[in-house]
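Undergrad: Sharing a structure, written as structure tokens. Questions coming.
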Amino acid sequence: MLEALDVPVDTALQALAAFQPLAGRGQERTVAVPGGAFTLIDESYNANPLSMAAGFRSLGARPVAAGGRRVVVLTDMLELGDQSQALHVGLSEAIEAAGLDMVHTAGPQMKLLNDTLPASRKGLWRETASELAAEAAMLAGPGDIVMVKGSNGSKASLVAAALAELNTAPHGIS
């Protein structure tokens, strides 16, 4: 049996203050672009309907700068079996409830979601994450908060990396 450790509160708070999420698991950074900067939230490692809805709620609750948008970039959720189509289409309700402004998608299953979105929320759709990553400059702008979310196997990390590479800040500043 493990014994409880007596750790001073100040020590615990210092440790938590230095905590950084792993890549693809909530890592957040500021990306400088011409005209300002946007916030990138990298949730590219894992995705399922519950984590998608939770991510949408979290993004929807964040304040944005004047002119900024809450943008989500989604790639296919994998390993959902015969419910995959319905679960992808069903994400539209959670997107609406969260009040997200723009939805960019990649993958054949996310095409189903894209087709159900109102024109005001519909962003780019591409067959693959690498195709969407090639258009990273079209996905975000100054003042935006952008969350990239998808299954690791659908390569959402390519889009997150491409967005991060838009950074025009001097090396080492982000």
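The values are calculated or read from the model by the stated rules, or taken from the named source; none is laboratory data. Since the structure is predicted, the reported quantities are computational estimates derived from the model, not experimental observations. Counting neighbours? That spans all protein chains shown, and the Cβs are built from the backbone with ideal geometry, glycine included. To get the accessible areas, we keep the full protein, side chains included, count just its heavy atoms, and leave off ligands, DNA and RNA. Shrake-Rupley method; radii C 1.70, N 1.55, O 1.52, S 1.80 Å.
Undergrad: How large is the accessible surface per residue of the chain, computed with a 1.4 Å probe and reported in Å² as a whole number?
TA: With the other protein chains kept in place, the chain gives 54 Å² per residue.
Undergrad: While we're looking at this one, here's another question. For the chain, what is the relative contact order in percent, using Cα pairs closer than 8 Å and at least 6 residues apart in sequence? Don't skip to the answer; put the middle values down first.
TA: Values: 338 pairs, mean separation 54.8, N = 174.
Result for the chain is 31 percent.
Undergrad: Can you return the aspartates and glutamates within cross-link range of LYS111? Criterion is Cα-Cα under 16 Å, with same-chain partners fewer than 8 residues away left out.
TA: Partners within reach: ASP76, GLU93, GLU127, GLU131.
Undergrad: What relative contact order, as a whole-number percentage, does segment 49-98 give when Cα pairs under 8 Å and 6 or more residues apart are counted? All intermediate terms of the calculation are to be shown ahead of the outcome.
TA: Working: 25 pairs, mean separation 29.5, N = 50.
Taking the mean separation of contacting Cα pairs over the length of segment 49-98, I get 59 percent.
Undergrad: Give me the number: length gained by fully extending THR168 to GLU96, i.e. 0.36 nm times residue separation minus the C-alpha to C-alpha distance, one decimal in nm. All intermediate terms of the calculation are to be shown ahead of the outcome.
TA: Values: separation 72, 0.36 × 72 = 25.92 nm, distance 3.24 nm.
Taking 0.36 nm per residue and subtracting the Cα distance, the gain is 22.7 nm.
Undergrad: Can you check what the net charge comes to around LYS111, using other residues whose Cβ is under 10 Å from the Cβ of LYS111 (Lys, Arg +1; Asp, Glu -1)?
TA: Details: positive: ARG126; negative: ASP76, ASP115, GLU127.
Computed value for this residue: -2.
Undergrad: Per 0.36 nm of contour for each residue apart, how much would the distance between ALA161 and THR116 grow if the chain were fully extended, relative to their Cα-Cα spacing?
TA: 13.5 nm
Undergrad: Please sort 56-62, 143-149, 105-111 by packing, taking for each peptide the average over its residues of neighbouring beta carbons within 10 angstrom, highest first. Write out the running numbers ahead of the final one.
TA: Numbers: 56-62: 16.6, 143-149: 24.3, 105-111: 22.7.
Put in order of decreasing packing, that is 143-149, 105-111, 56-62.
Undergrad: Sticking with this structure for a sec: What order do you get for 63-74, 119-130 when each peptide is scored by the mean count of other beta carbon atoms within 10 Å, highest first? The partial results should precede the final answer.
TA: On the way: 63-74: 19.3, 119-130: 15.6.
Descending packing order for the listed peptides: 63-74, 119-130.
Undergrad: Using a basic spin-label model with each label point 7 Å from the Cα along Cα→Cβ, how many nm lie between VAL89 and ASP10?
TA: Going by the 7 Å Cα→Cβ label model, 6.0 nm.
Undergrad: Taking the alpha-carbon distance from LYS122 and a cut-off under 13 Å, which aspartates and glutamates remain once sequence neighbours fewer than 8 residues away in the same chain are dropped?
TA: Output for LYS122: GLU96, ASP101.
Undergrad: On the accessible surface of the chain, probed at 1.4 Å, how many percent belong to carbon and sulfur atoms? Don't skip to the end; give the middle numbers.
TA: Working: 5380 of 9480 Å².
After summing per-atom areas, the C and S share lands at 57 percent.
Undergrad: Could you work out how far the C-alpha centroid of segment 140-157 sits from that of segment 73-110, in angstrom?
TA: 13
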